[in-house]
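Participant: My questions will all concern the structure given below.
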Amino acid sequence: MSIVIVNSDGTSDTLNCIASIYQHPPRDSFEIILVDNCSREPCLSLVAERFPQVRTYSSPTRQGFAKNYNLGIRQARGQFVMILNNDTIVHADALDILVKTAKAHPEYGIIGPRLLSPDGTIQTVCARALISPARYVLNLLIFDLGLPTGKLAEAWRQRELSKRSSGAVPCLSGACMLLARATLDQIGLLDEGFDFYFEDVEWCHRAQKLGWQVFYVADAKITHLGDRSLGKVKEWAKKSEYQSALRYFRRYYPWSLWRERALWLIVAINFFLRMLAFSAIEIVGKRSGNARAYWNLLKWIACEFPRANRITV
């Protein structure tokens, strides 16, 4: 098995992730491939010192996660290839369970584990529906985790998913995905047009359109710390999410200029409401927050108003 990890200014998490793999290694032979996204921290030298057996590469320039994962996948020599977020901790037997499932069921194109937060609660992204435009809008307006309705919905989803056993699902999380070489050869690499967000959703969607199943393995457990490196670049992350959503929806759903403008308006409203909420928190709590980031995002989204000549896949 080849395990591909991307580091982007998260050296501490990356070291802990690699350590957890060697603490709970699979029984079969494996290799770890680390791609560093031009980090500002000395990641590769520290990894080489602590884990000299890891194969390391540096991206040619600061770039999106899909490009970095693909760089690592192209170097992979294993029968199975896993992409693994650097902010994960592998539990005992998790890798063996995933590989055993893949060997027993060659019809499973993409396989993923149960993802847990540091407090042990399940992360609902590990077994979820594909994100349709309607679902995305509901998430922005009603099920945003910053709203009481969003928190209630997430608690309900966590309760339901915690009771669910292994089985086919529409979509997994890109925090951990295992693919057989035969699957990769047919469906291809991650779409490098996605800078960040939706690349895992699109991969699952593409695999199923080509006849593969996407499978969730409840017994394989991996802790996902979540958004630690990403939290340092909130504005970039929100821009990327919107642009990636547009790319995905244009490809897989009926699309038009009025639909794109409707989505643009809803995203702008979401940014505005978040700016108001953070402004109130800063005034009442007398501490800095993310209000300025959302003000900057509002100015950015105003310049992104959809025009007919911009709609491309």
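The values are calculated or read from the model by the stated rules, or taken from the named source; none is laboratory data. On a predicted model such as this, the values are computed, not experimentally measured, just so you know. When we count neighbours, we look across all protein chains shown, and the Cβ atoms used for this are built from the backbone with ideal geometry, even at glycine.
Participant: Checking Glu235 against (1) closer than 27 Å to Ala92 by Cβ; (2) acidic (Asp, Glu); (3) not assigned by TED's automatic domain parsing to the domain that holds Ser8: exactly one of these is not met. Which one?
Facilitator: Failed condition: (1).
Residues checked against (1) crowded, with 16+ Cβ neighbours inside 10 Å; (2) closer than 21 Å to Asn16 by Cα:
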site: Ala66; (1), (2): yes, no
site: Val81; (1), (2): yes, yes
site: Ala92; (1), (2): no, yes
site: Leu152; (1), (2): no, no
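Participant: Any residue at all in the stretch 279-300 that is out of contact with any helix residue (DSSP H, G or I) (no Cβ under 7 Å at 6 or more places or on another chain), surrounded by 15 or more Cβ atoms within 10 Å (Cβ to Cβ) and either at pLDDT below 85 or in a helix (DSSP H, G or I) (or both)?
Facilitator: Yes.
Participant: Kindly provide the set of residues from the stretch 1-14 that are in contact with a Leu (Cβ under 6 Å, 6 or more places away or on another chain) and part of a loop (DSSP other than H, G, I, E, B), ordered by number.
Facilitator: Those that are in contact with a Leu (Cβ under 6 Å, 6 or more places away or on another chain) and part of a loop (DSSP other than H, G, I, E, B): none in the stretch 1-14.
Participant: When only residues in the stretch 14-29 that are over 16 Å from His91 (Cβ atoms) and touching a strand residue (DSSP E or B) at 6+ places or on another chain (Cβ under 9 Å) count, which is surrounded by the fewest Cβ atoms within 10 Å (Cβ to Cβ)?
Facilitator: By that ranking, first place goes to Asp28.
Residue-wise test of (1) on the phi < 0 side of the Ramachandran plot; (2) touching a residue at least 24 places away in the same chain (Cβ under 8 Å); (3) surrounded by fewer than 19 Cβ atoms within 10 Å (Cβ to Cβ).
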site: Ile33; (1), (2), (3): yes, yes, no
site: Cys38; (1), (2), (3): no, yes, yes
site: Val54; (1), (2), (3): yes, yes, no
site: Arg62; (1), (2), (3): yes, yes, yes
site: Leu71; (1), (2), (3): yes, yes, no
site: Gln75; (1), (2), (3): yes, yes, yes
site: Asn85; (1), (2), (3): yes, yes, no
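Participant: When both residues are 6+ apart or on different chains and their Cβ atoms are under 7 Å apart, which pairs have a first residue that lies in the stretch 195-209 and is assigned by TED's automatic domain parsing to the domain that holds Lys67 and surrounded by fewer than 20 Cβ atoms within 10 Å (Cβ to Cβ), and a second that is modelled with pLDDT of 95 or more and in a loop (DSSP other than H, G, I, E, B)?
Facilitator: His205/Leu130
Participant: Check whether at least one residue in the stretch 193-200 is in contact with a strand residue (DSSP E or B) (Cβ under 8 Å, 6 or more places away or on another chain) and within 25 Å of Ser117 (Cα to Cα), and report yes or no.
Facilitator: yes
Participant: Could you list, in sequence order, the residues of the stretch 108-136 that are more than 16 Å from the chain's Cα centre (by Cα) and crowded, with 17+ Cβ neighbours inside 10 Å?
Facilitator: Of everything in the stretch 108-136, those that are more than 16 Å from the chain's Cα centre (by Cα) and crowded, with 17+ Cβ neighbours inside 10 Å turn out to be Tyr108, Gly109, Pro133.
Participant: When the stretch 28-60 is examined, which residues are found to be basic (Lys, Arg) and modelled with pLDDT under 95?
Facilitator: Listed by number, the list holds a single entry, Arg40.
Participant: Of the residues Leu98, Leu141, which is under 30 Å from Leu276 (Cβ atoms) and either modelled with pLDDT under 95 or crowded, with 16+ Cβ neighbours inside 10 Å (or both)?
Facilitator: Answer to the selection: Leu141.
Participant: Within the stretch 159-168, identify whether any single residue is within 18 Å of the chain's Cα centre (by Cα) and without any contact (Cβ under 8 Å) to a residue 40 or more places away in the chain, and answer yes or no.
Facilitator: No, that holds for no residue.
Participant: Considering only the stretch 256-273, how many residues are closer than 17 Å to Ala237 by Cα and without any contact (Cβ under 8 Å) to a residue 40 or more places away in the chain?
Facilitator: Residues in the stretch 256-273 being closer than 17 Å to Ala237 by Cα and without any contact (Cβ under 8 Å) to a residue 40 or more places away in the chain: 3 in total.
Participant: Still on this structure, please answer the following. Of the conditions (1) exposed (fewer than 13 other Cβ atoms within 10 Å of the Cβ); (2) within 22 Å of Tyr197 (Cα to Cα), Ile266 fails just one. Which one is it?
Facilitator: Result: Ile266 passes all but (1).
Participant: Now for a different question. Quick one: count up the residues across the stretch 117-132 that are in contact (Cβ under 8 Å) with a residue 24 or more places away in the chain and over 26 Å from Phe278 (Cα atoms).
Facilitator: 9
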